[in-house]
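Trainee: I'd like to ask some things about the structure below.
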Amino acid sequence: MAAFVHPPFCQLSQVTIIGAGNVGSTLAQRVLERNLADVILLDIVEGRPQGIALDLMEARGAEGHNRTIVGSNCYEDTAQSDIVVVTAGLPRKPGMSRDDLLQVNGKIVIDIMQQAMKYSPYACYIIVTNPLDAMTYLALKVSGLPANHIMGMAGVLDSARFQTFIAMELGVPPSDVSALVLGGHGDLMVPLPQYSTVGGIPVTELLEAAILNRLIERTRNGGAEIVQLLKRGGAYYAPASAIGVMIEAILYNQSRILPVAAYLDGEYQLQDVYLGVPCRLGGQGVEEIVSLPLRDEQLTALHRSAAAVKQSIEKAIALIP
């Protein structure tokens, strides 16, 4: 399949967001107001994407941008998108196991990929639906696209949370903090303190081990903490911002190094699995996987995370007709 290089400055770029829930609608707002691209907001519920799109269109005068958004229930309207973001799916509800969630959302992702690929065969696809790593692998197998065009959003979000908690603990601006989190999007993620810095100083030099471990645990439970506070629903502002960072890197061909759920084919001694690792993200999607030297215990933790993801992948693959 021919490679597609995004136009400079994104004058003609189009992003399709599938799923007009909290994450999808907030992402649409981010993309428009940051002037990244025109947006197609797709949802199966009639009227919802159209209403959100009209609301966001009416904000253009106040926000001072000239981007457009169309709400739709038809995949035909998504044709020739540069990026397709899949946020649709059910959240995990009380009493629902991870396997239950995988069964429901796996079928949704299969249908979405089959439909979207008909109209945007050269797009980069960003998967957000949970369980994220398994759903991203499923999207790859259903689409037949090269692996660099299919990626999952998790590491940017998890790293942003770690970055925020470090900044809050030290009382410094988040912009001074650089943090890195690898692994699956869940309890087995692997924050890397030695690659996390404040003004270039390793955070291990600024925080005691006990405090750092507390921040790592809070990062691992970042989404769950929000769910517990809200009682109903989960996080969507930070996830939308994280997806926006990835969209900007691709559309503007920035070649940024970001933690992304990417397909591993030998990197980190892992094979045939999607997992969060640092990648160079640009106009071709995942342009390079950056291999970092890890401590033995961190590599072991990364492999433990990958083993859990592979179990979910096996169940997800069984859903393909």
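Coordinate-derived values only; no laboratory data. Because the structure is predicted, anything quoted here is derived from the model rather than measured. Ideal geometry is used to build each Cβ from the backbone, glycine not excepted, and the neighbour counts take in all protein chains shown.
Trainee: Starting from the Cα-Cα distance between residue 300 and residue 272, subtract it from 0.36 nm times their residue separation and give me the gain in nm to one decimal.
Mentor: Working: separation 28, 0.36 × 28 = 10.08 nm, distance 1.73 nm.
Net length gain for the segment: 8.3 nm.
Trainee: With unit charges on the beta carbon (Lys/Arg positive, Asp/Glu negative), name the residue among 284, 255, 75 whose Cα is farthest towards the positive pole of the charge dipole of the chain.
Mentor: Checking the options against the dipole of the chain, the answer is 75.
Trainee: Restricting things to alpha carbons, tell me how big segment 8-152 is in terms of Rg and Dmax, in Å.
Mentor: When restricted to the Cα atoms of segment 8-152, Rg and Dmax are 15.1, 48 Å.
Trainee: Of 202, 168, 223, which is farthest along the charge dipole of segment 155-317 in the positive direction, counting Lys and Arg as +1 and Asp and Glu as -1 at C-beta?
Mentor: Most positive-ward Cα: 223.
Trainee: Sticking with this structure for a sec: Specify which residue in the list 45, 185, 126 is farthest towards the positive end of the charge dipole of the chain, using unit charges on the beta carbon of Lys, Arg (+1) and Asp, Glu (-1), about the Cα centre.
Mentor: 45
Trainee: What is the sum of charges around residue 311, taking Lys and Arg as +1, Asp and Glu as -1, for the other residues whose C-beta is under 13 Å from the C-beta of residue 311?
Mentor: +1
Trainee: If you don't mind, another one. Can you return the lysines within cross-link range of residue 118? Criterion is Cα-Cα under 19 Å, with same-chain partners fewer than 8 residues away left out.
Mentor: Within reach: 107, 141.
Trainee: Give the Rg/Rh ratio for the chain, taking Rg as the radius of gyration of the Cα atoms and Rh as the Kirkwood radius, to two decimals. Walk me through the numbers on the way to the answer.
Mentor: On the way: Rg = 18.9 Å, Rh = 19.9 Å.
With Rh from the inverse mean 1/r over Cα pairs, Rg/Rh is 0.95.
Trainee: On a full-extension model of 0.36 nm per residue, what is the gain between residue 237 and residue 59, subtracting their alpha-carbon distance, rounded to one decimal in nm?
Mentor: Extra length available between residue 237 and residue 59 comes to 62.2 nm.
Trainee: Now a separate question. What is the Cα radius of gyration of segment 175-311 over 2.2 N^0.38 Å, N being its residue count?
Mentor: Output field value: 1.09.
Trainee: Using Cα pairs under 8 angstrom and six or more residues apart, how large is the relative contact order of segment 155-317, in percent?
Mentor: Worked out over segment 155-317, it gives 23 percent.
Trainee: Just check segment 243-321 against the gyration tensor rule for me: Cα atoms, a ≥ b ≥ c as the square roots of the eigenvalues, rounded for a/c under 1.5, and otherwise prolate or oblate depending on whether a/b exceeds b/c. Don't skip to the end; give the middle numbers.
Mentor: On the way: a/c = 2.49, a/b = 1.29, b/c = 1.93.
Oblate is the answer for segment 243-321, as a/c is 1.5 or above yet b/c matches or exceeds a/b.
Trainee: Let me ask something else. Would you calculate the separation in nanometres between label points at residue 74 and residue 257, each defined as 7 Å from the Cα along the Cα-to-beta-carbon direction?
Mentor: For the pair residue 74/residue 257, the computed spacing is 4.7 nm.
Trainee: Let me know the shape class of segment 81-177, please: from the alpha-carbon gyration tensor, a ≥ b ≥ c as square roots of the eigenvalues, rounded when a/c is under 1.5, otherwise prolate if a/b is greater than b/c, or oblate.
Mentor: Verdict is oblate for segment 81-177.
Trainee: Please give the net charge around residue 32, taking every other residue with its beta carbon less than 14 angstrom from that of residue 32, where Lys and Arg add +1 and Asp and Glu add -1.
Mentor: Charge balance near residue 32 sits at -2.
Trainee: Also, I was wondering about something else. Could you calculate the contour length gain from residue 44 to residue 66, that is, 0.36 nm times the residue separation minus the distance between their Cα atoms, to one decimal place in nm?
Mentor: Length gained, residue 44 through residue 66: 5.2 nm.
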